[in-house]
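This report concerns only the one structure given below.
The values are calculated or read from the model by the stated rules, or taken from the named source; none is laboratory data. What you are looking at is a predicted structure, and each value in this text was computed from that prediction instead of being measured. So basically every Cβ, Gly included, is an ideal-geometry build from the backbone, and we count neighbours across all protein chains shown. Please note that ligands, DNA and RNA were not included when accessible areas were found on the heavy atoms of the full protein model with its side chains. Shrake-Rupley method; radii C 1.70, N 1.55, O 1.52, S 1.80 Å.
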Amino acid sequence: MTSDKAHGRATSFDIAFLAGVSQPTVSRALRGSPRVSEETRRRVLAIAQQLNYKVDKNASNLRFQRSNTLALLFFEDPTPDDSAINPFFVSMLGWITRACARRGYDLLISFQEQSGNWHEEYEDSRKADGLILLGYGDYLQYRVRLERLIELGTHFVRWGAVQPGQPGLSIGSDNYRGGYDAARHLTSQGRRNVAFLGGASSRYPEFFERYRGYVRALEDGGCTASASLQVDAISTEQSGHTAACELLNRGLHFDAVVAASDLIAIGAMRALQERRIDVPGEVSVVGFDDIPAASLANPPLTTIAQNTRQAGEVLVDTLLRQIHNEPVEPQVLPTRLVVRRSCGQR
């Protein structure tokens, strides 16, 4: 290799080229990271010595200085328009951006695939002082990456279910209470056979908490939750439509639906209407989130509203306190029932 470094200082990129590894691997090897094998570390150190490479202390220290930037990581969600962003998070994004600006911080927004190595790549880049994580898909798979962030000493806060024993710090809505209020509203209107559309397992903890609240509300209303009236669904209109069709095909009587999200509810109403089932005359429907499409649905959708403004403020404040080594703790934010015509409200 003919190097231009005959007239200048060797860089970590020169070492990476000669060692056949990436520049981040060189950086990790030089600082003794356990993530680099002993064989690779020795090769990198030998080449560094050969090139008379000296670590730039000033540049190295930049990794540990604050950038006054926070990073917001969106994780992919299935959507019909290929945007892969849950519309609920679009509203929250605006409030997170405003909260950062008011506190003198820039916001770096990044879209990540669940299967990617975003939890590893962040250690190498250090473009921000901390992370805000929105969306996660299957929580059991996502949890492994959260545990890795903790191992790396990364400051982060996530939006999601707040439960004991979770890795890292979570901020979320009171999903149990929201599910309870949705079902209790229906039983107070005389609905007795209330179905639930949405995942009811630990893989989707927010949905599961909503399901648990729904079950308790039916019990308090003198009804019984039936497993045959629960159908799994993820948060898309198509999944809601498919789940409602499966429910209808079971041939069981139901007079109301609690959906784990507005998108599921909107898809379910479409399926009901295709079968000439009147909403809310024959079946009332309640969603969860209060996305903009909820008020525009036909009929407008009764739902459980999550406070995205408060969520944005709390996520940013909690992360900044963490960055400044101040005490922090998980927070559960209140939800609110918004009654519209899908439950008979005029």
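Selection of region 256-288 for residues being within 25 Å of the chain's Cα centre (by Cα) and open to solvent by 10 Å² or more (accessible area, probe 1.4 Å) yields Leu263, Ile266. Answer yes or no as to whether Ala225 is small (Gly, Ala, Ser) and farther than 20 Å from Arg340 by Cβ. When the stated conditions are applied, Ala225 passes them. Scanning region 265-289 for residues that are closer than 22 Å to Gly199 by Cα, in a helix (DSSP H, G or I) and not hydrophobic (A, V, I, L, M, F, W, C) returns Gly267, Arg270. Considering region 79-94, the residues that are modelled with pLDDT under 85 and over 19 Å from Ala260 (Cα atoms) include one that is most open to solvent (accessible area, probe 1.4 Å), namely Asp82. If I ask for residues that are hydroxyl-bearing (Ser, Thr, Tyr), open to solvent by 60 Å² or more (accessible area, probe 1.4 Å) and not in a helix (DSSP H, G or I), which ones from region 204-247 would you list? Those that are hydroxyl-bearing (Ser, Thr, Tyr), open to solvent by 60 Å² or more (accessible area, probe 1.4 Å) and not in a helix (DSSP H, G or I): Tyr204, Thr224. Under the condition of being of a type in the set (S, T, N, Q), within 17 Å of Thr302 (Cα to Cα) and modelled with pLDDT under 95, the residues counted in region 320-346 number 1. Has region 181-188 got at least one residue that is in a helix (DSSP H, G or I), touching a residue at least 40 places away in the same chain (Cβ under 8 Å) and surrounded by fewer than 24 Cβ atoms within 10 Å (Cβ to Cβ)? The answer is yes; a qualifying residue exists. Being open to solvent by 10 Å² or more (accessible area, probe 1.4 Å) and at pLDDT 90 or above is the filter here, so list the residues in region 156-168 that pass it. Val162, the sole residue that qualifies.
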